[in-house]
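Single-structure report; data block below.
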Amino acid sequence: MDYEGFFSDSIEQLKAEGNYRVFAELERHVGDFPHATRHAGEDTNEITVWCSNDYLGMGQHSDVLNAMKDTVDLVGAGSGGTRNISGTTHQHVVLERELSDLHQKEAALLFTSGYVANDAALSTLAGNMPGCVLLSDEFNHASMIAGVRHSGAEKRIFKHNDVEDLERLLADIEPGRPKIIVFESVYSMDGDISPIGEICDLADKYGAMTYIDEVHAVGMYGPRGGGVAERDGHMDRITVVQGTLAKAFGVVGGYIAASQKLVDFVRSRASGFIFTTSLPPAVAAAAAASVRHVRDNGQEQRARHQERAATLKRLLADAGLPVMPSVSHIVPIMVGDPVLCKQVTDDLMDRYGIYVQPINYPTVPKGTERLRLTPSPIHSDEDMGQLVAALTEIWGRLELKWAA
Ligand SMILES: *Cc1c(COP(=O)(O)O)cnc(C)c1O
């Protein structure tokens, strides 16, 4: 076998489809978010970032930076072990306490990322309950799909946010079998939100557990930033809440929050939790500082975040651009073709210093390639004016489809 030839053919195929991924090399600057320097070989230019998941700019908040720096000076860089073997530091325990408080659950468990949290928790729960069936929304994130697969349990996929389809599937399963409904709150590629209350009603009716990924909602929704389940008053009806410390909280790491017994079960059995070095304590301390700030003082940031998203949606719609219906802070614009999608984002970067990553297959279905904008509380009216003017010019020049 010609291994190198195989790899290069496969890459050529991606390029021909317009699905080859090119990373922008950014240098972020404290105090200047959402602006950054972009490196391209030896060249650099100043850009505005419109696709960051540091949704609130917490990645450079002084509370977070000070906690990280102070902790490094006090306890050093790494944790020195897995959670079981010398790697459970005081900072990890404090952070888990903050997270269980945030979600009003008995306990929380940290993982090295949100991806690992989903993979490890779902595979452990469903893989160890005999006869378990997973009911999974068709648009669930890759990390949840990985957890569902790795559990080896039987799975049934329900139509996106479709409670009738979910009920049809639930009614079909023998009543005594354990069942977990696996879904998200904010779906990050469309910006829509799941009917959490109705899903919990079905879980009650059919005796199922609920597992919700609130990665794109924690910190941003609810009076304390507990997510959409908190905002909608359903937090106590959710069995497992999963979240990340890398998006609105601006650091890195993932977690679940649930009952003491469930968390102890996952802690005791999940390979992806047990056999890996725990996060650096400075990261845990920074994340805890971020959670505290966003929970106790985040109301204004959350209101401003929603206002900025609403304003951007209105400006794009007024310009006739095909902004997709979104009820969240995520602002997608449909292009519908991978090559054109990449052309739009290349033009934004090269001609206007505006950075938006194209969203192509397999992140979204083929034919629904799109731009995905994430306005933060810190994006200004001027930033928005520049973006809308640039998109309007590009849409006209490339003869793209305007809003119907
Ligand atoms: C980003 C993301 C994750 C993974 O979180 P990380 O902390 O980045 O690993 C999980 N679920 C969803 C829906 C995500 O968008």
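State yes or no: is residue 144 open to solvent by 40 Å² or more (accessible area, probe 1.4 Å) and either within 16 Å of the ligand (Cβ to nearest atom) or out of contact with any Ser or Thr (no Cβ under 9 Å at 6 or more places or on another chain) (or both)? In short, no.
Give me the residue from the range 147-189 that is free of Cβ contacts under 8 Å to residues at least 60 places away in the same chain and of a type in the set (S, T, N, Q) and, out of that set, most open to solvent (accessible area, probe 1.4 Å). Only one residue fits best here, namely 161. Within the range 385-393, not a single residue is at pLDDT 95 or above, in a strand (DSSP E or B) and open to solvent by less than 40 Å² (accessible area, probe 1.4 Å).
Among the residues of the range 240-262, those identified as more than 10 Å from the ligand (Cβ to nearest atom), more than 21 Å from residue 160 (Cβ to Cβ) and either open to solvent by less than 10 Å² (accessible area, probe 1.4 Å) or without any contact (Cβ under 8 Å) to a residue 40 or more places away in the chain (or both) are 248, 256, 257, 258, 261. Residues in the range 1-48 that are surrounded by 11 or more Cβ atoms within 10 Å (Cβ to Cβ), of a type in the set (A, V, I, L, M) and in a helix (DSSP H, G or I): 11, 14.
All of (1) touching an Asp or Glu at 6+ places or on another chain (Cβ under 9 Å); (2) part of a loop (DSSP other than H, G, I, E, B); (3) within 16 Å of the ligand (Cβ to nearest atom) hold for residue 223 with one exception: (3).
On the given criteria, is residue 54 within 16 Å of the ligand (Cβ to nearest atom), within 25 Å of residue 372 (Cβ to Cβ), not in a loop (DSSP other than H, G, I, E, B) and not hydrophobic (A, V, I, L, M, F, W, C)? Write out each step before concluding.
Details: within 16 Å of the ligand (Cβ to nearest atom): yes; within 25 Å of residue 372 (Cβ to Cβ): yes; not in a loop (DSSP other than H, G, I, E, B): no; not hydrophobic (A, V, I, L, M, F, W, C): yes.
The answer is no for residue 54.
Do we find a residue being touching a helix residue (DSSP H, G or I) at 6+ places or on another chain (Cβ under 6 Å), closer than 15 Å to residue 100 by Cα and not in a helix (DSSP H, G or I) anywhere in the range 226-235? Full working, then the answer.
First, pick out the residues of the range 226-235 that are touching a helix residue (DSSP H, G or I) at 6+ places or on another chain (Cβ under 6 Å): 226, 229, 232, 234-235.
Checking which are closer than 15 Å to residue 100 by Cα leaves us with 226, 229, 235.
Filter once more, so that each one left must be not in a helix (DSSP H, G or I): 226.
Within the range 226-235 (the criterion being touching a helix residue (DSSP H, G or I) at 6+ places or on another chain (Cβ under 6 Å), closer than 15 Å to residue 100 by Cα and not in a helix (DSSP H, G or I)), the answer is yes, since at least one residue qualifies.
Residue-level check: of (1) under 21 Å from residue 137 (Cα atoms); (2) without any contact (Cβ under 8 Å) to a residue 40 or more places away in the chain, residue 230 misses just (2). If the condition is being more than 11 Å from the ligand (Cβ to nearest atom), open to solvent by 60 Å² or more (accessible area, probe 1.4 Å) and under 24 Å from residue 264 (Cα atoms), then the range 115-141 contributes 128, 130. Selection of the range 57-82 for residues being in a helix (DSSP H, G or I), out of contact with any Pro (no Cβ under 9 Å at 6 or more places or on another chain) and farther than 23 Å from residue 219 by Cα yields 70, 73.
Which one is farthest from residue 348 (Cα to Cα) among residues in the range 49-81 that are polar (S, T, N, Q) and open to solvent by 30 Å² or more (accessible area, probe 1.4 Å)? Before you say what the answer is, go through the steps one by one.
Looking only at the range 49-81, we keep the residues that are polar (S, T, N, Q), and these are 52-53, 60, 62, 66, 71, 79.
Now narrow it down to the ones that are open to solvent by 30 Å² or more (accessible area, probe 1.4 Å): 53, 60, 62, 66.
Values: 53: 19, 60: 25, 62: 31, 66: 35 Å.
Result: 66.
The values are calculated or read from the model by the stated rules, or taken from the named source; none is laboratory data. The model shown is predicted, which means the values in this text are computed figures rather than measured ones. Note that each Cβ is placed from the backbone with ideal geometry, even for glycine, and that neighbours are counted across all protein chains shown. When the accessible area is computed, the model is the full protein with side chains, heavy atoms only, and any ligands, DNA or RNA have been set aside. Shrake-Rupley method; radii C 1.70, N 1.55, O 1.52, S 1.80 Å.
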